[in-house]
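The values are calculated or read from the model by the stated rules, or taken from the named source; none is laboratory data. As the structure is a computational prediction, the values presented were derived from the model and not from experiment. Cβ sites come from the backbone with ideal geometry, for glycine too, and all protein chains shown count toward neighbours. Accessible surface areas use protein heavy atoms only, side chains included; no ligands, DNA or RNA. Shrake-Rupley method; radii C 1.70, N 1.55, O 1.52, S 1.80 Å.
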Amino acid sequence: MKALLLENVHPLGESLLRDAGFEVETRVGALDEDELIEALEGVQLLGIRSKTEVTARVLENAASLEAIGAFCIGTNQIDLDVAAQKGVVVFNAPFSNTRSVVELAIAEIIIMARRLTEKDRALHDGVWFKDAKGSHEVRGRRLGIVGYGNIGSQLSVVAEMLGFKVYFYDTDDKLALGNATRCSSLEELLSVAEVVTLHVDGRSGNAGFFGAEQFAAMRPRALFLNLSRGFVVDYDALKTHLESGHIAGAAVDVFPEEPKSKGEPFSSPLQGLANVVLTPHIGGSTEEAQEDIGRFVAAKLRDYIQRGSTTLNVNLPSLNLPERPGQHRLIHFHQNVPGVLARMNGILAEHGVNIEGQMLDTSAESGYVVTDVVSQLSEALLDQLRSMPETIRLRVVN
Ligand SMILES: NC(=O)c1ccc[n+]([C@@H]2O[C@H](COP(=O)([O-])OP(=O)(O)OC[C@H]3O[C@@H](n4cnc5c(N)ncnc54)[C@H](O)[C@@H]3O)[C@@H](O)[C@H]2O)c1
């Protein structure tokens, strides 16, 4: 089995795959479409980050490819539908940078509460601006978390340890951690919170959901943070409320339009405002997060090849499978239409193969069935399964 890792994937990913017996080729940069097609000859696993486009044409021409690891959060650079149609499983690392985002949020709340950007700037400019006015401790402050998912809920726990009273609002019914208080509406949260921080996901319905009305509903002199997605906030409305002094400070890490690469120019209505911390979408950008991404995605690729596990993949049905030593495992992706399982099991019975264990999961278009057997699987049997019209991909493990 061969793996090709592009774009400087963390060395931990490479060593994990080598230890699992893969032959690993690494390249520093991204490849264009034609280079990628050539490089994928005879390769089963592809590891990329955000700059390599895995297009439909690449997938049509990558006959040996079994799985792709996006060693990052986003998967927009991969044609997920075509990958699913070809039975190529795609994994990413959605949780590896959760803690990094939480720590930045905590840091920024303290920076704003102590008005540190102003103190820092003054001293760099040679002015001794020693003053307690407008500086506060965070102990005992009411923190309102909007979106209580991976990041919001971890922030809840860490913030409570610092002495915040935590309130949260989520559109889903989420379990309150620690002593956090669930709010039944965004309005309720805004009426109580002295610091409001957004950690909602990027569903299209969230576009502009936090605008003039929501800023007006925040408590006077409250602080605001957005480390979720740029398009969910109306930053012109935020600017108006910062200039009027209704909002006392803001920390913003994500913007509706962000430059594609390091060093490019950037502009925002929030530039130059007092007590506003602007960061270039670095909430999750730490060395620890990169290391965890390397380990997490490589382990997912290994477990798929060795056991057929597809847990947390982004484009095909999900099965978490234990190892079954001494058995052969048939990995079968198929179109999700009635009768496939019956036909498949009929073929196994015809060849006298007894099924020891079987698991199935389906999505709208695709089905994934994993079958464990003890008997040897003849080429004739495998050919019959492969030639079923619904079969997308068949592989035998062990
Ligand atoms: N700044 C960064 O570098 C960085 C890094 C990682 C993640 N993120 C972003 O942070 C956000 C949160 O990530 P996560 O992993 O916690 O996501 P998640 O999917 O685990 O949690 C999102 C939560 O928001 C809730 N939600 C969605 N819309 C809502 C709304 N309108 N009102 C209230 N609740 C709502 C969902 O029910 C869910 O519980 C995502 O948008 C993600 O893209 C940013």
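Yes/no matrix, rows are residues, columns are (1) of a type in the set (D, E, K, R); (2) surrounded by fewer than 16 Cβ atoms within 10 Å (Cβ to Cβ); (3) modelled with pLDDT under 95:
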| site | (1), (2), (3) |
| --- | --- |
| HIS332 | no, no, no |
| VAL337 | no, yes, no |
| ALA342 | no, yes, no |
| MET359 | no, yes, no |
| ALA364 | no, yes, yes |
| GLY367 | no, no, no |
The number of residues in the stretch 141-153 that are within 11 Å of the ligand (Cβ to nearest atom), outside any helix (DSSP H, G or I) and within 13 Å of ILE106 (Cβ to Cβ) is 1
Tally of residues being without any contact (Cβ under 8 Å) to a residue 24 or more places away in the chain and of a type in the set (Lys, Arg) across the stretch 92-151: 5
Pick out the one residue from ALA84, ALA67, ALA62, ALA107 that is crowded, with 17+ Cβ neighbours inside 10 Å and either under 18 Å from the mean Cα position of the chain (by Cα) or within 16 Å of the ligand (Cβ to nearest atom) (or both). ALA67
How many residues are assigned to a helix (DSSP H, G or I) and more than 12 Å from the ligand (Cβ to nearest atom) if we restrict to the stretch 191-221? 7
Applying the selection to the stretch 229-257, what residues are surrounded by 13 or more Cβ atoms within 10 Å (Cβ to Cβ) and part of a loop (DSSP other than H, G, I, E, B)? ARG229, ASP234, HIS246, ASP253, VAL254, PHE255, PRO256
Within the stretch 244-260, the count of residues that are more than 17 Å from VAL196 (Cα to Cα) and within 16 Å of the ligand (Cβ to nearest atom) comes to 6
Has the stretch 180-195 got any residue that is under 21 Å from the mean Cα position of the chain (by Cα), open to solvent by 40 Å² or more (accessible area, probe 1.4 Å) and touching a residue at least 12 places away in the same chain (Cβ under 8 Å)? no
Suppose we filter SER267, SER318, SER309, SER285 for residues that are assigned to a loop (DSSP other than H, G, I, E, B), touching an Asp or Glu at 6+ places or on another chain (Cβ under 7 Å) and either surrounded by fewer than 16 Cβ atoms within 10 Å (Cβ to Cβ) or among the acidic types (Asp, Glu) (or both); which single one remains? SER318
Of the conditions (1) under 28 Å from GLN77 (Cβ atoms); (2) not assigned by the TED database to the domain that holds MET1, VAL297 satisfies every one except a single condition; which number is it? (2)
Are there helices (runs of 4 or more DSSP H) fully within the stretch 80-135 with at least 2 residues that are over 30 Å from LEU198 (Cα atoms)? List them. 80-85, 116-124
Only one residue in ASP303, ASP236, ASP292 is assigned by the TED database to the domain that holds GLU213 and at pLDDT 95 or above. Which one? ASP236
From VAL158, VAL166, VAL138, residue being touching a helix residue (DSSP H, G or I) at 6+ places or on another chain (Cβ under 8 Å), within 14 Å of the ligand (Cβ to nearest atom) and at pLDDT 95 or above: VAL158
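With the requirement that a residue be in a loop (DSSP other than H, G, I, E, B) and of a type outside the set (Ser, Thr, Tyr), what does the stretch 61-75 give you?
ASN61, ALA62, ALA63, LEU65, GLU66, PHE71, CYS72, ILE73, GLY74
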The stretch 11-34, subset open to solvent by 60 Å² or more (accessible area, probe 1.4 Å), free of Cβ contacts under 8 Å to residues at least 24 places away in the same chain and in a helix (DSSP H, G or I), residue farthest from ILE293 (Cα to Cα): ASP34
Could you please give the count of residues in the stretch 35-59 that are within 19 Å of ASN92 (Cα to Cα) and either among the polar types (S, T, N, Q) or surrounded by fewer than 14 Cβ atoms within 10 Å (Cβ to Cβ) (or both)? 5
